Amino acid sequence: ENGIGVEQFIKNAETNIVKAESVENKINDIKLNPPTATTFNSKITSIINEYEKLSTLQQQLIENYGDLESYINALQVLNGITQLTKLKANSEELRTELPTIEAKYENLNTIEKTFVTNYNKLLDMQEAIEKVQKVEVEVLKINTATFEEKSSIVADARKAYNGLSSSDRKYILTEALDLLTSWEKTSSTAASVIKQIDAVKTNVFSNHDD
């Protein structure tokens with residue numbers, strides 16, 4: 001029994017070493033043959049996945065995993081931007097997460113940044129949100145305007161919204177758009193009522209003159 005136990009122990013040790021060496025060798029290969037911007041994602045992700053499947057003991061046998069740190073930092077930003085593109089364009093979550101990913105990107109060094117090939121997507125989202133926020137400021141003025149001012153402020157807000165491209169409009173918060181459209185309906189109804197009152201006044205005065 002002890003003999004079988006020792007044999008199994010040796011087999012387990014050999015397996016641990018082989019699996020650890022497999023990852024170590026791939027990391028050494030990356031150091032000798034750095035990935036291009038095209039191959040970066042697949043190569044680094046493959047090594048990370050293989051590493052994460054190892055047991056804690058097997059992971060501890062790998063002495064050069066720290067050499068991947070720079071690549072891992074870049075990959076986290078790359079994947080972070082991909083996740084941003086999957087969020088709803090008009091969600092608060094996007095506006096909260098985007099600056100976090102942007103800060104991580106800025107912390108990368110020049111070489112690491114070259115691997116973040118989707119950074120332009122983050123810039124596009126950032127630019128769209130900045131444009132939309134200016135429109136939202138115009139819309140929110142409706143809340144503090146006097147009744148006499150509301151009509152012109154609603155019109156100005158609508159003009160600002162219409163000035164956005166169709167792709168940028170997707171980023172406006174639902175609450176802001178709802179506020180604008182609801183006040184447009186209110187203004188329209190009020191204008192209709194005033195028109196009817198004016199018509200009644202005209203008829204009354206006209207009949208009075210007769």
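The values are calculated or read from the model by the stated rules, or taken from the named source; none is laboratory data. In this text, all values refer to a predicted model and were calculated from it rather than measured experimentally. Neighbour counts are summed over all protein chains in view; Cβ atoms, including those assigned to glycine, are modelled from backbone coordinates with ideal geometry. The protein model used for the area step is the full one, side chains on, heavy atoms only, and it has no ligands, DNA or RNA in it. Shrake-Rupley method; radii C 1.70, N 1.55, O 1.52, S 1.80 Å.
If the condition is being under 20 Å from Ile111 (Cβ atoms) and in contact with a Leu (Cβ under 9 Å, 6 or more places away or on another chain), then the range 18-59 contributes Ile27, Ile30, Phe40, Asn41, Ile44, Thr45, Ile47, Ile48. Take the conditions (1) in contact with a helix residue (DSSP H, G or I) (Cβ under 6 Å, 6 or more places away or on another chain); (2) farther than 18 Å from Thr174 by Cβ; Glu148 misses just one of them, which is (1).
Screening Ile62 on (1) closer than 22 Å to Tyr105 by Cα; (2) of a type outside the set (Lys, Arg); (3) touching a helix residue (DSSP H, G or I) at 6+ places or on another chain (Cβ under 6 Å) shows it passes everything except condition (1). Could you look through the range 124-136, keep only residues that are exposed (fewer than 15 other Cβ atoms within 10 Å of the Cβ) and of a type in the set (Asp, Glu), and pick out the one that is farthest from Ala157 (Cα to Cα)? This residue is Asp124. Within the range 143-157, is there a residue that is open to solvent by less than 90 Å² (accessible area, probe 1.4 Å), assigned to a helix (DSSP H, G or I) and either at pLDDT below 85 or closer than 28 Å to Thr85 by Cα (or both)? Checking the range 143-157: at least one residue is open to solvent by less than 90 Å² (accessible area, probe 1.4 Å), assigned to a helix (DSSP H, G or I) and either at pLDDT below 85 or closer than 28 Å to Thr85 by Cα (or both).
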